Amino acid sequence: MRDIPGAWHRTAAGAGLVSADGSIHPTIFAEMSALAAETGAINLGQGFPDEDAPAEILDAARWAISHGMNQYPPGRGIPDLLSAIAEHQERFYGLRLDPAREVLVTAGATEALAATLLALIDDPDDEVVVFEPYYDSYAAVVALAGARLVTVPLRWPGFQPDLDDLRRAVGDRTRAILVNDPHNPTGAVFSAEVRDEVVRLAERHDALIVTDEVYEHLVFDAPHVPIATLPGAAERTLTISSGGKTFSATGWKIGWVSGPADLVSAVLAVKQFLTYVNGSAFQPAIAAGLRLGDSYFHGIAHTLRVKRDLLGDGLRAAGFDVSIPAGSYFTVADARALGATDAASFCRELPRRAGVVAIPLTAFATPDRRQDYATLVRFAACKRVEVLEDAAARLAAAHQG
């Protein structure tokens, strides 16, 4: 491969996609989804549901398409969706937002995160603190922005950070603390003590807080608590979420960022030169979804909890040790008892051995910490019950064989 200068290389390297010979390999999601297609295995790797959004949302999208909402929407998002996001934040969390100034619609949470970090990082000495293992786009965007990634380890089986580790990670060079809660890939929901310490440290070191809350309505044991609701947090917090996970519409890529008007405007200054706008017909559909009754939001959490338990029981029956997630799509299991020593190799063999695809947790870790997660794999529970039952049966049969 010829030497091509540019920021692409550090971005790929940040995400762990550069091989020893300098070539670029696909993301673990692309690799494992391709392996699922090749082998006919059940794909419990990539986190997308196999059921559609509620009929009310699909109907709203069809109505928008048939009534001409197919051109550029306003740069911040259509006013009805901006209002629906503000209504949602007040309804569920008591956060009052000015929809015209404190909310911005994005191409999913991924773009919101990218635009936010690109907008607010301005120095190669800037540091962004994340909890490790982390969603892979975090490291990629921090590298693209030219900043330094500083990680706080989450340890099996509870995946709660040690507060001393957190204190050591945050300092005067910290530009932002990025908090993914509920957490991908571990399924952890952070304790009140962790949230409080994040705010205390951000205030002490004058850092921003950026939250990724896309699983906010998929919490199993207690209501979700956004960091922006904590005393002293709102003025320094940008809250990011999306409709993809809440409404089983991951392909629509309708996300948003909310917070203080000056910070949101700074993000808009970058976002408008990324996608500019997107999803004009899907924006009113997500607005309709955000206004669904409480029974819908309670129902999706209950349904996923049932699936979580079904998947966990199946994994235990197949010989895995299982960490019980408190939220999100995902369950992390330890394959050590099945003879695994390298999670990536185990996951590459699993489709042919058992007919099921999973993701190695090492794909979400820095090279120095991959050994800490060497036998841990992530399974997604966001599939139909009969698919999870089939996957459990396949895993059990492979274990017994």
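The values are calculated or read from the model by the stated rules, or taken from the named source; none is laboratory data. All values reported here derive from a predicted model rather than from experimental measurement. Glycine gets a Cβ as well: all are built from the backbone with ideal geometry, and neighbour counts include every protein chain shown. Ligands, DNA and RNA are excluded from the accessible area calculation, which covers all protein heavy atoms including side chains. Shrake-Rupley method; radii C 1.70, N 1.55, O 1.52, S 1.80 Å.
Note on region 153-183: among residues that are surrounded by 21 or more Cβ atoms within 10 Å (Cβ to Cβ) and over 24 Å from Ala380 (Cβ atoms), the one that is nearest to the chain's Cα centre (by Cα) is Ile177. When region 221-240 is filtered for residues that are open to solvent by 20 Å² or more (accessible area, probe 1.4 Å), in a helix (DSSP H, G or I) and touching a residue at least 60 places away in the same chain (Cβ under 8 Å), the ones remaining, listed by number, are Thr229, Ala234. Residue pairs whose Cβ atoms lie under 8 Å apart, separated by 6 or more positions or on different chains, with the first residue in region 279-295 and more than 19 Å from Tyr93 (Cβ to Cβ) and open to solvent by 20 Å² or more (accessible area, probe 1.4 Å) and the second of a type in the set (Phe, Trp, Tyr) and assigned to a helix (DSSP H, G or I), are Gly279/Trp252; Phe282/Trp252; Pro284/Trp63.
Among the residues of region 282-316, those that are hydrophobic (A, V, I, L, M, F, W, C) and over 27 Å from Ala107 (Cβ atoms) comprise Val306, Leu310, Leu311, Leu315. Looking for something closer than 14 Å to Leu154 by Cα, acidic (Asp, Glu) and at pLDDT 95 or above - is there at least one such residue anywhere in region 372-393? The answer is yes; a qualifying residue exists. From the list Ala41, Ala61, the lone residue that is aliphatic (A, V, I, L, M), more than 30 Å from Tyr296 (Cβ to Cβ) and modelled with pLDDT of 95 or more is Ala41.
Sub-7 Å Cβ pairs linking a first residue in region 107-122 that is of a type in the set (D, E, K, R) to a second residue that is assigned to a helix (DSSP H, G or I) and open to solvent by less than 10 Å² (accessible area, probe 1.4 Å), at least 6 apart or interchain, are Glu111/Lys271, ordered by first then second residue. Of all residues in region 376-392, those that are touching a residue at least 40 places away in the same chain (Cβ under 8 Å) have Cβ atoms under 7 Å from Cβ atoms of residues that are assigned to a strand (DSSP E or B) and open to solvent by 10 Å² or more (accessible area, probe 1.4 Å), 6 or more apart or on another chain, in Leu376/Asp334; Val387/Ile42; Asp390/Ile42; Ala391/Ile42. Restricting the first member to region 191-207 and to residues that are of a type in the set (A, V, I, L, M, F, W, C), and the second to residues that are part of a helix (DSSP H, G or I), the beta-carbon pairs closer than 6 Å and six or more apart or on different chains are Ala202/Arg236.
Residue count for region 344-381 satisfying the condition of being under 14 Å from Asn184 (Cβ atoms) and out of contact with any Leu (no Cβ under 7 Å at 6 or more places or on another chain): 4. Within region 266-316, the set of residues being part of a loop (DSSP other than H, G, I, E, B) and among the basic types (Lys, Arg) comprises Arg291 only.
The condition (being under 21 Å from Pro49 (Cα atoms) and of a type in the set (D, E, K, R)) is satisfied by just one residue among Arg378, Arg353: Arg378. In region 1-30, the residues that are under 29 Å from Phe346 (Cβ atoms) reach residues that are open to solvent by 80 Å² or more (accessible area, probe 1.4 Å) and outside any loop (DSSP other than H, G, I, E, B) with C-beta atoms within less than 8 angstrom, at least six apart or across chains, in these pairs: Gly16/Pro367.
Do the conditions hold for Leu338, that is, is it open to solvent by less than 10 Å² (accessible area, probe 1.4 Å), modelled with pLDDT of 95 or more and hydrophobic (A, V, I, L, M, F, W, C)? Spelling it out, it is not the case that Leu338 is open to solvent by less than 10 Å² (accessible area, probe 1.4 Å), modelled with pLDDT of 95 or more and hydrophobic (A, V, I, L, M, F, W, C). In the set (1) among the hydrophobic types (A, V, I, L, M, F, W, C); (2) under 26 Å from Asp136 (Cα atoms); (3) crowded, with 20+ Cβ neighbours inside 10 Å, the condition left unmet by Ala344 is number (3).
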